[in-house]
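Chemist: I'd like to ask you about the structure that follows.
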Amino acid sequence: MKISNETKIGLLAVVAIALLIFGFNFLKGKNLFERNDKIYAVFPRVTGLTNSNPVTMNGLQVGMVYKMEEKTRNINDGIIVTINLARNIDIPKNSLAFISTEILGSGSIVIEPGNANTFMSSGDTLVTLTKAGLLDRMTSSLDPAIRSLDGTLQSVDSLVEVAGGYFDPNTKNNFQKIIANLSNASAGLNNLIVQQNSALNRTLANFDKLSGALAKNTDNIDQTLANLNKTSANLANLKLQETIDELGKTVASLNSAVAKVNSRDGSLGLLLNDKKLYTNLENTSRSLNILLDDLRVHPKRYISISVFGKKDKNKPLQAPLADSTGASLN
């Protein structure tokens, strides 16, 4: 059977119209051969979102944006986004939806699944939240950096102006003097560092000598420490407490003896403290001295041993001689 050209043209026109309808609906987010349940989400703004943008859940595309329309005449009331689901999956009713904006400006709706046991059906509305997209986060991060860079540029500009003032002919000489003073200060600091290094080197050398001397006398040091240990052990072995107790007793006895000497109860105390006894002893001693001097000067008065001698009629001494060994005899 031969098909006429008119029939071919008619069939081609039908196929073209079907493809046009299919493509138009596909671009609108509606697939004629897949599930086309519709759910809704209300956002305060839909920046970067257009029709046919994907709707994903756990990274898997589950539908497309079908259309967007204002909720009321007041745009601040929100924008209703119709989502055309293309997969036969269960979406928990407490799931959340937000708009994710890529760096190039294209957006998508991301559904974060909840944990409810009941699931959404066609015509239900998702709970939405607002999250900053990547572009918004980059913009918010770049804004402080840009402001900081602007402040830095202003500071550099001020620094350039100040430097230009320093190189002004009227202040050039002052700037050169400042540089010269800084150079002198740097040279002085270098000299000070050199001197300090020399002193430090000498100190280290002396310390090295001391360390060497200690190393050479290690045996003597060990012997000295051993002797100290022996001395310490001997001191520890001494009955030091008993010695101290005996010394205390001796001091107590001495104090008692001194107290008795100071009192008038004993002979020694009377001798030391009684003035009358001292006076009597002094008088007795003086009389004894007179008697001895008189006996030495006038012995005939007391002992008569001469056959032809006369009796000594001189008066007895009334006071002791000043110096009985060096004075001339009467």
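Chemist: Hey, which of the strands (runs of 3 or more DSSP E) in segment 55-136, taking only ones fully inside, have at least 1 residues that are in the same structural domain as residue 40 (by TED's automatic domain parsing) and among the acidic types (Asp, Glu)?
Modeler: Because the criterion is at least 1 residues that are in the same structural domain as residue 40 (by TED's automatic domain parsing) and among the acidic types (Asp, Glu), the strands (runs of 3 or more DSSP E) in segment 55-136 that meet it are 60-70, 107-112.
Chemist: A follow-up question, please. Identify, by number, the condition in (1) modelled with pLDDT of 80 or more; (2) surrounded by fewer than 10 Cβ atoms within 10 Å (Cβ to Cβ) that residue 235 doesn't meet.
Modeler: The number of the failed condition is (1).
Chemist: Since residue 151 meets every condition but one in (1) surrounded by 11 or more Cβ atoms within 10 Å (Cβ to Cβ); (2) over 23 Å from residue 85 (Cα atoms); (3) at pLDDT 65 or above, which condition does it not meet?
Modeler: With respect to (1) surrounded by 11 or more Cβ atoms within 10 Å (Cβ to Cβ); (2) over 23 Å from residue 85 (Cα atoms); (3) at pLDDT 65 or above, residue 151 is out only on (1).
Chemist: Would you check which residues across segment 296-316 are at pLDDT below 75 and assigned to a helix (DSSP H, G or I) and list them?
Modeler: 299, 300, 301
Chemist: Can you tell me how many residues within segment 61-89 are within 15 Å of residue 40 (Cα to Cα) and touching a residue at least 24 places away in the same chain (Cβ under 8 Å)?
Modeler: So the answer is 16.
Chemist: Report whether or not residue 20 is among the aliphatic types (A, V, I, L, M), surrounded by fewer than 15 Cβ atoms within 10 Å (Cβ to Cβ) and at pLDDT 90 or above.
Modeler: Here the answer is no, as residue 20 does not meet what is asked.
The values are calculated or read from the model by the stated rules, or taken from the named source; none is laboratory data. As the structure is a computational prediction, the values presented were derived from the model and not from experiment. Cβ coordinates were reconstructed from backbone atoms using ideal geometry, including for glycine residues, and neighbour counts include every protein chain displayed.
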